[in-house]
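The values are calculated or read from the model by the stated rules, or taken from the named source; none is laboratory data. Keep in mind the model is a prediction, meaning the values are calculated, not measured. Counting neighbours? That spans all protein chains shown, and the Cβs are built from the backbone with ideal geometry, glycine included. Remember, those area values only see protein heavy atoms, side chains included, never the ligands or the DNA or RNA. Shrake-Rupley method; radii C 1.70, N 1.55, O 1.52, S 1.80 Å.
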Amino acid sequence: MAQKPRPTVRRIELGHELRQLRERRGVTLEEVCGSGAVAGLYFSKLQKVEKGLTDLGSAGALRDLLGFYGVTDEDDVNQVLAIQREAASTDWWTPYRSTMPSGMPRFVGIESAARETWAFHPALVLGLFQTEAYARRLYELTQPIDETTTEFIVRNVDVRMRRKEALTHPDDPLVVRAVLWEPALRHLVGSVDLMCEQYEEIARLASLQNVTVQVLPLLPPKVRGYLPIHDFTILHLEHELPTSVQVDNPWGATSVSDKPREVGRFTRKFQAISASALPPEDTPVYLQQLTREITT
């Protein structure tokens, strides 16, 4: 089977490698740009490269930078050049970029290459678990508020369904650990039939070996403590690449950070709510109970 395309993660890998080389050389971003080793390279550009937001744009510029860092072995140079070539290729979501919220393209790019994600959503069903009908209805409900177009809805639903394919990828499916707060499941989005279909879809996905779903209940039997009021996703990448955390803000934008302090804080959040949630084996029974409640 072909590997999943991963240009975004290759940009992150390239930036991570270049940052390590610079630090081993013992120079700052300012010193690199001021050295003249790479023609036309300026501080903000190199900073974005190291963060994985872009690449250097040419093989010549990368060769010059590697030379400045003391990388002269041709095999080592070619290996880094190969990463840059893949980083420069087109992500699957590029045609949708114009209708995606700020920050969303980077998140989707990282998610497309993640080996595992941990997610919590207190208000809605997690995007990766949504049916097409549920996702479409969500966008329809917000259309008069956000003043979006029908094209915006169609394209964003398409993106959500494409993202969801990672859960059933035949070669290396995305591993997901998710905690859903009870109000998110009880909030009726559309008709009763639509919600029943959504509950069935969550149960189907929860039966996959690579998917773990827990429900955080409103009432005992479990005593709860800490409860985040916002959604978040922790994305674990391959090898030594930095783990990232994603959150949505009230303005509809998506923020992604790989700062160790932030990743650690959100990891502790997830561990706390996971410990308070019902065990995964209770999820199918819980969903069946919800179905009975809304259909009687």
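Estimated from the Cβ-Cβ distance and a Förster radius of 25 angstrom, the FRET efficiency linking T94 and L167 is about 0.70. Under a 5 Å amide H cut-off, with hydrogens placed 1.01 Å from N, M100 pairs with nothing among residues at least 5 apart or on other chains.
Close amide-amide hydrogen proximity is noted between D231 and D248, each under 5 Å apart and 5 or more residues distant or on a separate chain (H modeled in the peptide plane; Pro and chain starts excluded). Measuring max minus min along each principal axis, the C-alpha atoms of the stretch 182-296 give extents of 49, 31, 28 Å (largest first).
The residues neighbouring S257, those whose beta-carbon lies less than 11 Å from its own, together hold a net charge of +3 under the Lys/Arg +1, Asp/Glu -1 convention. How far is it, in nm, from the label point at D76 to the one at A39 when both lie 7 Å from their Cα along the line to the Cβ? Rounded to a tenth, the inter-label distance reads 2.6 nm.
Rolling a 1.4 Å probe across the protein heavy atoms gives the chain an accessible surface of 50 Å² per residue. Put simply, the stretch 1-76 fits an ellipsoid with semi-axes of 22, 14, 12 Å; these come from the alpha carbon gyration tensor as the roots of five times its eigenvalues, largest first. Residues whose amide H lies under 5 Å from that of H121, counting only those 5 or more places away or on a different chain, are V179, W181; hydrogens are built 1.01 Å from N in the peptide plane. Cross-link check: pairs K48/K259; K48/K164; K164/K269 evaluated at a Cα-Cα cut-off of 26 Å; pairs beyond the cut-off: K48/K164. Applying the Kirkwood pairwise sum to the alpha-carbon positions of the stretch 159-233 produces a hydrodynamic radius of 14.3 angstrom. Quantify, in whole percent, the carbon and sulfur part of the accessible surface of the chain (1.4 Å probe; protein heavy atoms only). On the chain, the fraction of accessible area on carbon and sulfur atoms equals 52 percent. Applying the criteria of a DSSP loop state and at most 15 other Cβ atoms within 10 Å to the trypsin sites (Lys or Arg not before Pro) of the stretch 203-296 yields K222, R224. Couplings 3J(HN,Hα) of the stretch 58-67, computed from phi: 8, 5, x, 5, 5, 4, 4, 5, 4, x Hz, in residue order, whole Hz [Karplus 6.51 cos²θ - 1.76 cosθ + 1.60, θ = phi - 60°; x for Gly and Pro].
Considering every Cα-Cα pair within the stretch 44-143, what fraction, in whole percent, is farther apart than 15 Å? Walk me through the numbers before you get to the answer.
On the way: 3693 of 4950 pairs.
Of all Cα-Cα distances in the stretch 44-143, 75 percent exceed 15 Å.
The largest-to-smallest principal axis extents of the Cα set in the chain are 73, 42, 39 Å.
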